[in-house]
Every structure is written in C-alpha cells, then in structure tokens.
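A.B. asks: First, the structure itself, so that you have it in front of you.
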Amino acid sequence: MADLLNVKNLQVKVEEKEILHGVDLTVNRGETHVLMGPNGAGKSTLGNALMGNPQYQIVGGQILFNGQDITTEPTDQRAKLGMFLSFQNPLEVPGITLGNFIRSALQQRTGKHIRLWDFKKEMKRAMEVLDMDPSYADRDLNVGFSGGEKKKAEILQLLMLKPSLAILDETDSGLDVDAVRTVSKGVEEYQKSMDGALIIITHSTRILESLKVDKTHVLVSGQMKAEGDASMVDRINENGFVDFLNK
Ligand code: ADP
Ligand code: MG
C-alpha cells in the first residue's frame, strides 16, 4: 500500500525567495510525526505548501497523497481528499458562525447533506471533550475568541472533520497549562479514534505528553537536518538546535 503522504525534494518559494530547498517527508497511516526547528526555519511554509496555499509557490519536487500526485491541486481539493491544516494564527471570520462553518466544511468534504440534528449532537459531544461552552457554536467564527478559544475551535474542526492527515501548526503556542492539556486531550481523541495521521509542529513537549510520537524531524534553514524517535524532542529541549545548525 502506498504511504499516506510522500513529499519528495520539495522546493517552495514565498514572494520570490526560496524558503524550502528540497524537503523529503514520508508519513504513514496512523503515525504521529513531530516537526521542530528554529523560528524562520520554514515549518509553517511546509504546512502551507502541503495544504496548497497559493502564496506558497512550489517550484520543484512533488507531493503525493494516498499515492495521488496533488502537487498542483487547489486547497479545497486537498481538503476533500482528507488533508487538514490548523493555523498558527486562526483568522476571525465575521458573518459565519463556528457551527455553520464546520457543517458546511463537512458537507463540502463528504458531498453529503448532514442532518442538523445529527450534526448538533456530535458537535455537542466534541465541544464537551474540549471544555467549550456550547454557545460558541452560534458565535461568529473566532470573532472575539481568546487565543486559547481560537485554538480549541481549530481542534473542534479536527474532531468534526476527521481528516486522514492533520497538520497542527503550533496549536499549543501561547496557551496556558490548562488550555494545552485540553487541546492535547482533543488531539489524543483524534489520534485514538481513527487511523488518521498527524504532523505536529511545536516547540514544546507539553502537548506531546499524552500522545504517542512515532518520528521527530528537524528542519533548519529550509532543509531537513535530522530525523529521530520521540526521545529527540527531549534532547532538543535540553540542548536546543545547536547540534543541527552546522550539519
Ligand atoms: P517557521 O514556521 O519555521 O518559523 P516560516 O515558514 O513561517 O518559519 O518562515 C520561513 C521564512 O519564510 C521566513 O523567512 C519568513 O519570513 C518567510 N515567509 C513565510 N511565510 C511568508 C509570507 N506569507 N510572506 C512573506 N514571507 C514569508
Ligand atoms: Mg511557524
């Protein structure tokens, strides 16, 4: 069976500047990968390029998802195929409620009408996992949400949309200890519920405490410098990235 995600020699330009210089990454079904690296290494660029954000121009290499070449597919097509990116800085969208946003994303993705009653029931359950007040479903998407609430809204989308590959870009940054625990609980629920795969971009070990990590990757200056198991996260937290800078 083909790998779930197979990135080959990916080169990405942002505003005419090459940021990723030939990145390889393979993720299998059910695996959890951690992506670490100094600020400005290109981690968010990789997430955006994988999701097909048009600001990130793929100038070389290939992205295969479930064996299909999606290098030039638009974002909505990638979402339909089962890819999901949670944003480092989620946008506020006045005029559409969180509930309607998720229901419409779900209907677009599955191509099926979803009964409001069923949707509300499942949404209520997922919001309970995340300690979110149900009234948030009727509030405009992220408008006036605190940093922590925005991140929870991202994880709510993850639990409702059940993508086969989720990329979480610093979902834990800027959160207090309790919020990290809640977000981590949501991610754990996703990890357990299906054979979905995760790429977690993070600087901290806190979100990883209750998760099983299969592989850690270190990105420095747009290149993968090292790959290891879960223990690499601890090593980096003790020593920083200095071991990888001059390789
Ligand atoms: P990381 O997520 O690892 O901190 P980024 O991928 O955000 O790094 O950034 C890598 C480099 O690409 C930085 O030099 C950053 O300034 C540049 N970059 C990323 N996204 C954009 C963008 N949308 N517009 C301009 N420059 C960008
Ligand atoms: Mg980033």
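The values are calculated or read from the model by the stated rules, or taken from the named source; none is laboratory data. Bear in mind that the values here come from a model prediction, so they are computed numbers and not experimental data. Methodologically, a virtual Cβ is constructed for each residue, glycine included, from the backbone with ideal geometry; neighbour enumeration extends over all protein chains shown. Just the protein is used for accessible areas: all its heavy atoms, side chains included, with ligands, DNA and RNA removed. Shrake-Rupley method; radii C 1.70, N 1.55, O 1.52, S 1.80 Å.
A.B. asks: List the lysines whose Cα sits under 20 Å from the Cα of Lys17, skipping any in the same chain fewer than 8 residues away.
C.D. replies: Lys8, Lys43
A.B. asks: Follow-up. Over all directions, average the projected area of the Cα convex hull of region 108-247 and note it in nm².
C.D. replies: 10.0
A.B. asks: Taking a probe of 1.4 Å, how large is the accessible area per residue of the chain, in Å²?
C.D. replies: On the way: 11820 Å² over 247 residues.
For the chain, the solvent-accessible area averages 48 Å² per residue.
A.B. asks: In degrees, nearest 10, range 0 to 90: what is the angle between the Cα axis of helix 177-193 and the longest Cα principal axis of the chain?
C.D. replies: Relative to the chain, helix 177-193 is tipped by roughly 90 degrees.
A.B. asks: If you take every DSSP beta bridge fully contained in region 3-245, what fraction is antiparallel? Give it as a percent rounded to 5.
C.D. replies: 60
A.B. asks: Still on this structure, please answer the following. Grab the DSSP H runs of the chain that are 4 residues or longer, score each as -39,500 (n - 2.57), total them, divide by all residues and round the 222 nm result to the nearest 500 deg cm²/dmol.
C.D. replies: That calculation yields -11000 deg cm²/dmol at 222 nm.
A.B. asks: Report ³J(HN,Hα) in whole Hz for each residue of region 51-59, in order, from the Karplus equation J = 6.51 cos²θ - 1.76 cosθ + 1.60 where θ = phi - 60°; Gly and Pro get x.
C.D. replies: Result, rounded to whole Hz: 8, x, 4, x, 5, 10, 8, 7, 9.
A.B. asks: Roughly what would the spin-label model give for Glu188 and Asn100, points 7 Å off Cα along C-beta, in nm?
C.D. replies: Distance between the two pseudo-spin positions: 3.6 nm.
A.B. asks: Taking Cα atoms of region 1-131, Rg/Rh with Kirkwood Rh, to two decimals?
C.D. replies: A ratio of 1.01.
A.B. asks: Let me ask something else. Which number gives the lysine pairs in region 142-222 that have C-alpha atoms under 21 Å apart and are eight or more places apart or on different chains?
C.D. replies: 17
A.B. asks: For the chain, with a Gaussian network of springs between Cα atoms less than 10 Å apart, report the residue from Ile19, Ile201, Ile155 with the top mean-square fluctuation.
C.D. replies: Ile19
A.B. asks: When the chain is treated as a GNM, springs tying every alpha-carbon pair under 10 Å, which of Gly148, Gly174, Gly22 comes out with the largest mean-square fluctuation?
C.D. replies: In this elastic network of the chain, the residue with the biggest mean-square fluctuation among Gly148, Gly174, Gly22 is Gly174.
A.B. asks: Can you tell me the mean projection area, over all orientations, of the convex hull of region 3-245's alpha carbons? Units nm², please.
C.D. replies: Approximately 12.6 nm², given one-decimal rounding.
A.B. asks: Relative contact order (percent) for region 3-245, with alpha-carbon contacts under 8 angstrom and 6 or more residues of separation?
C.D. replies: 26
A.B. asks: Here is a further query. For the chain, which whole percent of the accessible surface, found with a 1.4 angstrom probe, sits on carbon and sulfur atoms? Intermediate results must be reported in sequence, preceding the final value.
C.D. replies: Values: 5660 of 11820 Å².
That fraction is 48 percent.
A.B. asks: Using Cα-Cα distances under 8 Å and only pairs 6 or more residues apart, what relative contact order does region 1-51 have, in percent? Before the final figure, lay out the partial values.
C.D. replies: On the way: 56 pairs, mean separation 16.4, N = 51.
Once normalised by length, the contact order is 32 percent.
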